[in-house]
Amino acid sequence: MRRFLSLWLAALAISIFSLAAETPRRVLFIGNSYTGVSQLPEAVVPAGDAWELNYRNPDAPRLHAPDHSHPLFAGTYLGALVFYQTIYHARDSRVTWHGNLTAGQAEYLQGIAARTAR
C-alpha cells in the first residue's frame, strides 16, 4: 500500500507541476497545498518550489510559454532535474546535456534543482 501511495503521489506531483506553469503566484499556492497534504514527503516532488525559487531571480530563465499554461524547455528541464534528484536522492545530477539552454542557464537550473529537491 505504501508503494502504491508513493506512486500515486508522484503522479499527482506531475499534475501539480503542469499546473504550476501558469503563474508564479500559483506556484506558491500549489506548493503550499501539496506539501501540506502529503503524509509521505519523500513521494512529493517539489517542482513547483523550484519554479518559485527560479522566479525570485529577476534575471532567471523564463520557464513558461507566453500562454502561461505550458512550460518552455527550461521549465521542463528544471522539472526533470527535480524529479530525478528527488526520486534518486541525488544532490548533484551532473547533467551535461542542456538542449537549447546555454551552459550557464543549465548550470543555474541545476543549482535551483539541487537546492529544491528533497
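At a glance:
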{"item": "Residue match in region 71-90 (condition: of a type in the set (V, I, T), more than 13 Å from the chain's Cα centre (by Cα) and surrounded by 13 or more Cβ atoms within 10 Å (Cβ to Cβ))", "result": "no"}
{"item": "Test: residue in region 12-24 that is part of a helix (DSSP H, G or I), exposed (fewer than 13 other Cβ atoms within 10 Å of the Cβ), over 11 Å from the mean Cα position of the chain (by Cα) and modelled with pLDDT of 90 or more", "result": "no"}
{"item": "Which listed residue, of P41, P46, is modelled with pLDDT under 90, touching a helix residue (DSSP H, G or I) at 6+ places or on another chain (Cβ under 6 Å) and either of a type in the set (D, E) or within 16 Å of A117 (Cβ to Cβ) (or both)", "result": "P46"}
{"item": "Residue within region 45-56 that is surrounded by 15 or more Cβ atoms within 10 Å (Cβ to Cβ) and not in a helix (DSSP H, G or I) present", "result": "yes"}
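Listed here are the residues, each with its yes/no results for (1) under 14 Å from V45 (Cβ atoms); (2) assigned to a helix (DSSP H, G or I); (3) modelled with pLDDT of 85 or more.
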residue: H68; (1), (2), (3): no, no, no
residue: A74; (1), (2), (3): no, yes, yes
residue: Y77; (1), (2), (3): no, yes, yes
residue: L81; (1), (2), (3): yes, yes, yes
residue: T86; (1), (2), (3): yes, yes, no
residue: H89; (1), (2), (3): yes, no, no
residue: D92; (1), (2), (3): no, no, no
residue: H98; (1), (2), (3): no, no, yes
residue: L101; (1), (2), (3): no, no, yes
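The values are calculated or read from the model by the stated rules, or taken from the named source; none is laboratory data. The shown structure was predicted, so the numbers you read here are calculated from the model rather than taken from an experiment. Cβ: placed from backbone, ideal geometry, glycine included. Neighbour counts: every protein chain shown.
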